[in-house]
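**Q** The following block contains the structure, expressed as structure tokens.
The values are calculated or read from the model by the stated rules, or taken from the named source; none is laboratory data. Here the structure is a predicted model, which is why all the values come from computation and not from measurement. Positions of Cβ are generated from backbone atoms using ideal geometry, with glycine treated the same way; all protein chains shown enter the neighbour counts. Calculation scope for accessible area: heavy atoms of the full protein, side chains included, ligands and nucleic acids excluded. Shrake-Rupley method; radii C 1.70, N 1.55, O 1.52, S 1.80 Å.
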Amino acid sequence: MKRVLTITLLLLALALVAAGCGPTPNIGAITPPYIDTGVDAEAWALVPAGEFPFGQHDHMTMVENDFEMMVTNVTNEQYARFLNEALAAGAIGIGEVEVEAGESVWTENGVFSFYPGEPFDGFRHEEEIKAGDKLLMPLQGEGLRLTFDGEQFAALDAYVNHPVTMVTWYGANAFCRFNDWRLPTEVEWEKAARGTELVGGRGRAFPWGPEIERNNANYYSSFDVFVKMFGKLGNTTPVGFYNGRSYDGYQTLDSASPYGLYDMAGNVFQWMGDDYPNQHYRHMRGGSFYSYEVDLRVWKYNSAGPQYYGPAVGFRCVRDVANDGATDS
Amino acid sequence: MKSLSTRAEYLFRSTNGLILVAMAVVSIITVTWGMLSGPMAEWGVRDVTIRLLGMKMVQAEREARIIMLYHTIAMAIIAIEVYIMTDILPMKRQNQVLINGTITFGYLMTVIFGMLFAYWGQNFMFHGLFLLGQSLIFFAGILLAIALWPWRAANRLPVDSPYAHTKKGLDLERTAFFVMAVATLASASFGAITGSYWGNGHETFLAEDLIRTPIRTALQGAIIGHLHIMLTLIAIAITLIVGRWMDFRGRLHKIAMVLMIVGTIVITVGALSVVWVDWAHTTIYVGSVFVMLAALLYVVHSWRKLVKDRVAELGLVRPTVGQRVKALLHDPLKFGPGWQMVFMNFTVSGVGIFMAVKLDEIIRVWPHRDERITLTGHWHILASLIATIILLYYADRVGLKGRARKWFGWSIIIMSNLAFGAVTVFSMKRLFVTEAGQQGVVNWTMLLTDIGLFTVLLVLGIFMFSRLIDLFRSKGQWSAQLAEEKRETTLQEIAEQRKRMDELSKALKETTP
């Protein structure tokens, strides 16, 4: 009995020492190198109207209109630019803002703007989204890649072309609306991610095809260059990183979707625009660098209240296309 | 040839042998399919395993594969519990043979054809045979319920019996087993009926993916109710089994059995009513309180008995607190089940209650992903703790003694507690660490989990290997166990035949003019 206990305690001590010896930095503690992926974060891709296999069980679903989607997630640089323009236009404010989630209410120092509220069904577990100032992004927090000097926002140099994170659904919505765009619906997003191809009666499980390799996307334990720096949970990669290029010996696979969109699986979750009845949650798609590979499958979703922000959540916008092919603002 | 047939007789006709086969099946599944996830996937072992075994893994079929995997493991575990019940509860020998034979055939068909269907291409003939296997298990369940029928005169207890009974001698423990068996049949029907809609209005899903879906279909509700209650009933069955093992009796036994009967009925009705009513959870909570109180009384009894027996064995007249504690911890195999039930409160019930109480305040402020981790974490822990209790019980059944008994018992208890404690911390990490700063917690909790699980599996592997080696010995323990069980069943059959002969003679006398 004593020996069993002694050996067990020794093993535990060893395990704890081993765990403690490994690098366990949080993602704000290390500055990664700037990496140019060569993908234009300002580009848009056309996603034509038409049927496509939706969801895990491939229900053929119609997208009525053509639309364009940003080729990459919104970057820190783009979001900083938006904040500066919106600040100058008086569309956003900075300071203490009340945040409500569940039965908890607290204040945070951050960027806020007015949101007109939403219909409330009073359903079980549903929370009312009232009209008022809503937090778009906090000004402090691990994982934040923007700085504010009191007048101007700027992206951290190493992270300018990484997807913006720590942005609430209100923050994502405000960005798109400020530019006369909008957040994608889940149906639009999934069509953009997997396209219309059916092989053996099945749609694509991932934007590039039916299976996933480690160098297809940024996900948990995918052993990309950032995992080496930050540990298995990793960190964001620059937008469009998985485009077939080699970065310092790390060879990526070209993982664009059928419409040429990057990072539709992994890197950061993407906020969706749908406001579903009977619930206040907003869905997120695509999986993130925290996700296991199975959660990168195109039909999988995550959800959170619109006030939620995190180091693994970002977004991209869509814009409608008029019948004559011109973008519809 | 004879040596083979006697071994086959041990493995497929004796209780210990049948349990051993089912444990081997579960062990093989655990080891092989354990290669497909967790660190094995990270280290690339998953890909090698898939290639070596020629598995066909389609991404869209993952949920369905997992459901088949759960079902196959569950069926083997249910078979183990049924083998134990037919052995420890008085019933006619022919009932025992019929029930054990049917369920063995059933679970083996379920495992073999279920896994072939799920992991080696969807051949629907295999799916049919998988369903046939489950049907046989269901049929064995009906036979078990009939054999357990507590109102039969032969199954009644004498008025002065120390075991829980009514004034009319109704055996309350047997009734609890019976209620559990009937509840299991009803709950299995829910799964079966819903499953029959598969491809006809019902689509495969994992319950944890629907936790935030405000309105679920009746079929989804039925599956959610079914999966929760089935695991609960497996837990209730093992609690009753270890109660018999520890000779649970007296006043506490009476209270516990009443609680268990009422709790089983209420919790089953609650879980299945998820299909129709919003307040199903309240019913489940009420039923859970009854069942958990019954389990608590078992723990009180078993620990008290362990201390009393050991103190008496050592001849201590006035034992000190230290001596009592030492006596309690003397036999890890018998201490373990009670402890695992207590530990369950920290890692399963406690977490579940916390989640329910703080659902809107904390849990649902987190993203769905984190809620899902917490939910699936505590549910998997419950299943695994049940498995460890079965292991401890079986090790005692096969007469594990001396140092091996201590090593086996304490390794299973300590290392499973380490693993599941770490999993619990991992699943609740967002309570005390930010999302951005969680890497360190993830690292050490995962490491401790892997160490704990690896050790438990290693100990299980060594144990199973020792059983295998024993089977190669002509006069191994298996031989003695087989002889003992044969002797007992022969005596039982002789008694049954005598009784029958008496009945027939009496009938003959009455009808002879």
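**Q** For region B:144-161, state whether one or more residues are of a type in the set (Asp, Glu) and open to solvent by 20 Å² or more (accessible area, probe 1.4 Å).
**A** There is at least one residue in region B:144-161 that is of a type in the set (Asp, Glu) and open to solvent by 20 Å² or more (accessible area, probe 1.4 Å).
**Q** Within region B:468-513, which residues are exposed (fewer than 10 other Cβ atoms within 10 Å of the Cβ) and basic (Lys, Arg)?
**A** Of everything in region B:468-513, those that are exposed (fewer than 10 other Cβ atoms within 10 Å of the Cβ) and basic (Lys, Arg) turn out to be B:Lys475, B:Lys509.
**Q** Something else about it: Yes or no: B:Arg369 open to solvent by 30 Å² or more (accessible area, probe 1.4 Å) and within 14 Å of another protein chain (Cβ to nearest Cβ)?
**A** Yes.
**Q** Tell me, which helices (runs of 4 or more DSSP H) wholly within region B:36-124 include 3 or more residues that are closer than 25 Å to B:Ala147 by Cα, among the small types (Gly, Ala, Ser) and modelled with pLDDT of 95 or more?
**A** Per the criteria, B:62-88.
**Q** Okay, moving on. Quickly run through region B:416-430 and pick out the residues that are open to solvent by less than 10 Å² (accessible area, probe 1.4 Å) and aliphatic (A, V, I, L, M).
**A** Within region B:416-430, B:Ala419, B:Ala422 meet the criteria.
**Q** What about B:Ile353, is it within 14 Å of chain A (Cβ to nearest Cβ) and either part of a loop (DSSP other than H, G, I, E, B) or more than 16 Å from B:Gly338 (Cα to Cα) (or both)?
**A** It is false that B:Ile353 is within 14 Å of chain A (Cβ to nearest Cβ) and either part of a loop (DSSP other than H, G, I, E, B) or more than 16 Å from B:Gly338 (Cα to Cα) (or both).
**Q** List the pairs whose first member sits in region A:122-137 and is among the aromatic types (Phe, Trp, Tyr), whose second member is open to solvent by 60 Å² or more (accessible area, probe 1.4 Å), and whose Cβ atoms are under 8 Å apart, counting only residues at least 6 apart or on separate chains?
**A** A:Phe123/A:Pro277
So that you can scan it fast, the table gives a plain yes or no per residue for (1) modelled with pLDDT under 95; (2) more than 30 Å from B:Ile215 (Cα to Cα):
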| residue | (1), (2) |
| --- | --- |
| A:Phe114 | no, yes |
| A:Pro119 | yes, no |
| A:Glu142 | yes, yes |
| A:Trp169 | no, no |
| A:Glu188 | no, no |
| A:Ala193 | no, no |
| A:Val199 | yes, yes |
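**Q** B:Arg174 passes all but one of (1) within 14 Å of chain A (Cβ to nearest Cβ); (2) charged (D, E, K, R); (3) not in a loop (DSSP other than H, G, I, E, B); which number fails?
**A** (1)
**Q** Considering only region B:311-344, state which residues are away from chain A (no Cβ under 13 Å), without any contact (Cβ under 8 Å) to a residue 24 or more places away in the chain and in a helix (DSSP H, G or I).
**A** Once the filter is applied, which keeps residues that are away from chain A (no Cβ under 13 Å), without any contact (Cβ under 8 Å) to a residue 24 or more places away in the chain and in a helix (DSSP H, G or I), region B:311-344 yields B:Val311, B:Ala312, B:Glu313, B:Leu314, B:Val321, B:Gly322, B:Gln323, B:Arg324.
**Q** I would also like to ask the following. Given the criteria open to solvent by 50 Å² or more (accessible area, probe 1.4 Å), in contact (Cβ under 8 Å) with a residue 40 or more places away in the chain and away from chain A (no Cβ under 14 Å), does B:Phe290 qualify?
**A** Criteria not met by B:Phe290.
**Q** Separate question: Can you name the number of the only condition in (1) assigned to a helix (DSSP H, G or I); (2) closer than 29 Å to A:Ile129 by Cα; (3) within 12 Å of another protein chain (Cβ to nearest Cβ) that B:Gly409 fails?
**A** Exception for B:Gly409: condition (2).
**Q** Of everything in region A:128-143, what is part of a loop (DSSP other than H, G, I, E, B), out of contact with any Pro (no Cβ under 7 Å at 6 or more places or on another chain) and of a type in the set (A, V, I, L, M, F, W, C)? Give them in sequence order.
**A** A:Leu139, the sole residue that qualifies.
**Q** Determine which single condition A:Thr196 fails, assuming it passes every other condition in (1) closer than 28 Å to A:Tyr259 by Cβ; (2) within 14 Å of chain B (Cβ to nearest Cβ); (3) open to solvent by 40 Å² or more (accessible area, probe 1.4 Å); (4) polar (S, T, N, Q).
**A** (2)
**Q** Among (1) touching a residue at least 24 places away in the same chain (Cβ under 8 Å); (2) surrounded by 19 or more Cβ atoms within 10 Å (Cβ to Cβ); (3) within 14 Å of another protein chain (Cβ to nearest Cβ); (4) touching a Ser or Thr at 6+ places or on another chain (Cβ under 9 Å), where does B:Thr388 come up short?
**A** Failing condition for B:Thr388: (3).
**Q** Shifting gears a bit: Among residues belonging to region B:356-366 that are crowded, with 18+ Cβ neighbours inside 10 Å and in a loop (DSSP other than H, G, I, E, B), point out the one that is modelled with the lowest pLDDT.
**A** Per the stated criteria, the residue is B:Ile362.
**Q** Now, a different point. Which count do you get for residues in region B:448-467 that are surrounded by fewer than 19 Cβ atoms within 10 Å (Cβ to Cβ) and farther than 30 Å from B:Pro90 by Cα?
**A** 8
**Q** Return the only residue of A:Ala45, A:Ala49, A:Ala91 being touching a residue at least 40 places away in the same chain (Cβ under 8 Å), of a type in the set (Gly, Ala, Ser) and open to solvent by 20 Å² or more (accessible area, probe 1.4 Å).
**A** The unique qualifying residue is A:Ala91.
**Q** Still on this structure, please answer the following. I'm checking my understanding of the structure. Among residues of region B:167-180 that are touching a helix residue (DSSP H, G or I) at 6+ places or on another chain (Cβ under 7 Å) and free of Cβ contacts under 8 Å to residues at least 60 places away in the same chain, which one is farthest from B:Ala153 (Cα to Cα)?
**A** Per the criteria, the residue is B:Phe178.
**Q** Somewhere in region B:433-453, is a residue under 21 Å from the mean Cα position of the chain (by Cα) and within 11 Å of chain A (Cβ to nearest Cβ)?
**A** Scanning region B:433-453 turns up at least one residue that is under 21 Å from the mean Cα position of the chain (by Cα) and within 11 Å of chain A (Cβ to nearest Cβ).
**Q** Could you grab me the full set of residues in region B:39-61 that are within 14 Å of another protein chain (Cβ to nearest Cβ), among the small types (Gly, Ala, Ser) and surrounded by fewer than 16 Cβ atoms within 10 Å (Cβ to Cβ)?
**A** B:Gly44, the sole residue that qualifies.
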